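Structure record follows, encoded as structure tokens.
Computed from the coordinates by the stated procedures, all read-outs in this text should not be read as laboratory data. None of the values given here were measured: they were computed from a predicted structure. Reconstructed Cβ throughout: ideal geometry from the backbone, glycine too, with neighbour counts over all protein chains shown.
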Amino acid sequence: MVRSALGTGGAINRGPKRLALFIPAMTVVAASALALLPIVTEVGWVPDFGFLLLLSWRLLRSDAIPSWWAAPLGFANDVLTGVPIGLSVTIWSGAFLALDLLDRRTMWRDYWVEWALAALLLLANDVIRWRIDALMGARHEFAVVWSPLIIAILVFPLAAWAASALDRWRLGR
């Protein structure tokens, strides 16, 4: 009754969640942990969900995940996915540096530009991983990379929606 009289619509005592600062990082680690699911295939078709959610958070809100968090989150992804230690650290830090540079150079971005940026960064991620795999002795064609790349590009809007929903929840809006 008092809330209706005040016109707050139930917004009293609502605000950021207790660990609001760490929720983006925890969701990226949880997305990286999806690689631990017992899915057995001859060639991988599952995209790097950790990198996908990291890009979604970074393109949604540049202040949600500070740039220096790319290295520890990349290390967690390396440990969880089993890739060589330091590979995700390097790729994710480079992606954050590129996005920071792009933020300084551009005045505005719309949804399609962000989707294209995510697609380019996902392509760069997969190409670099494919080259490192080839240097380590893996003998697979580049065509193997296309399926997880296309899946990741098509799933990006869903990841961006999930990041925005989590952001509204964590900030209490």
- Item | Full-extension gain in nm, THR90 to LEU102, via 0.36 nm per residue minus C-alpha separation | 2.5 nm
- Note on the structure: So for segment 125-172, using the alpha carbon gyration tensor with a ≥ b ≥ c as root eigenvalues (a/c under 1.5 gives rounded; past that, a/b versus b/c decides prolate or oblate), I'd call it prolate
- Task: Could you work out the relative contact order of the chain, using alpha carbon pairs under 8 angstrom and six or more residues apart, expressed as a whole percent?
- Result: 32 percent
- Query: Dimensions of segment 74-152 along principal axes (Cα, Å, largest first)?
  - Reply: 43, 26, 20
- Out of TRP92, ALA160, ILE128 - ranked by how far each Cα lies towards the positive end of the dipole of segment 66-173, with unit charges on the beta-carbon of charged residues - the top one is ALA160
- Note on the structure: From DSSP H assignment alone, runs of 4+ in the chain each adding -39500 (n - 2.57), the sum over residues rounded to the nearest 500 puts [θ] at 222 nm at -21500 deg cm²/dmol
- Message: If you build the convex hull over the alpha carbons only and average its shadow over all orientations, what do you get for the chain? Give it in nm² to one decimal.
- Response: 12.6 nm²
- For segment 11-104, what class follows from the C-alpha gyration tensor (a ≥ b ≥ c being the square roots of its eigenvalues): rounded when a/c is under 1.5, otherwise prolate if a/b is larger than b/c, else oblate? oblate
- Task: Taking the Cβ of each residue in ARG129, ARG139, ARG18 as the centre, tally the other Cβ atoms inside 10 Å and list the residues starting with the fewest.
- Result: ARG139, ARG18, ARG129
- Query: Cβ under 15 Å from THR81's Cβ, THR81 left aside: what net charge do those residues give with Lys, Arg +1 and Asp, Glu -1?
  - Reply: -3
- Two-site label geometry, SER67 and LEU135: point separation in nm, points 7 Å out along Cα→Cβ: 2.4 nm
- Note on the structure: For the pair GLU42 and ALA143, the simple spin-label estimate (label points 7 Å beyond Cα toward Cβ) gives in nm 1.2 nm
- Item | Inter-centroid distance (Cα atoms) of segment 50-92 relative to segment 103-173, Å | 11 Å
